[in-house]
Structures are given as C-alpha cells and as structure tokens.
1. Tell me, yes or no, whether segment 41-52 has at least one residue that is in contact (Cβ under 8 Å) with a residue 40 or more places away in the chain and within 20 Å of Met1 (Cα to Cα).
2. For the chain, give me every one of the strands (runs of 3 or more DSSP E) that falls completely inside it and has 3 or more residues that are away from the ligand (no atom under 16 Å from the Cβ).
Amino acid sequence: MLYLVRMDVNIPHDLPQEQAQEIKAREKAYSQDLQRDGRWKHIWRVAGEYANYSVFDVESNDELHGLLQALPLFPYMKISVTPLAQHPSAIAQN
Ligand SMILES: O=C(O)C[C@H]1C=CC(=O)O1
C-alpha cells in the first residue's frame, strides 16, 4: 500500500544545538535504511520549508504508524498521511 506523507519539522529553538544535530544524524540513518529496504520510496524537500513529501510502500496503516512513530524527529514533527489508490488513467502501475 502506498501512502503520501508530509512531514513538517519544528525543532524548538531552546533545544541544544548538539542534541539537535545528534537527532538529525539518527533521523538520516533511519530514513536511509528504510529507503534501502524499499519501504520509503521517495523523499522530496518542500522548496523553502523545513518539510518533506515522502511516499511509503508498506503493508498496513499499523506498519506505517510504527515506522513514523519511530522517527527520531517524531516529537518535533507534524505529520499528515494520505493513502494512495491507483488512478484509472495512469499508464504505469506503481
Ligand atoms: O529533513 C526532513 O525533512 C525531516 C527528516 C526526514 C528524513 C530525514 O532525514 O529528515
């Protein structure tokens, strides 16, 4: 199942810089592991914003929720999820 996910990041200004850098490094490693195993299919920066649009390919809502909840930046993100279905006019099956 495919999901379009938007993540808006809002790290509090009073979080120590070193701690923020450590969380971002863990986030990057976690994200890249999921990209390598194929469950995090796309990640795009929203131009001009500390936000991304991502596409996940997972088995269920529960699996997606588990992956998102484990994001190191999860406490500092607003996340919105849109389930995707096939469009009848699409020439490619995703
Ligand atoms: O920078 C972001 O958009 C937030 C987050 C998502 C993946 C990652 O490495 O950082």
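Just so you know, all these numbers are worked out from the coordinates, no wet-lab data involved. As the structure is a computational prediction, the values presented were derived from the model and not from experiment. FYI the Cβ positions are ideal-geometry reconstructions off the backbone, even for glycines, and counts take in every protein chain you see.
1. Scanning segment 41-52 turns up at least one residue that is in contact (Cβ under 8 Å) with a residue 40 or more places away in the chain and within 20 Å of Met1 (Cα to Cα).
2. Answer list for the chain: 77-84.
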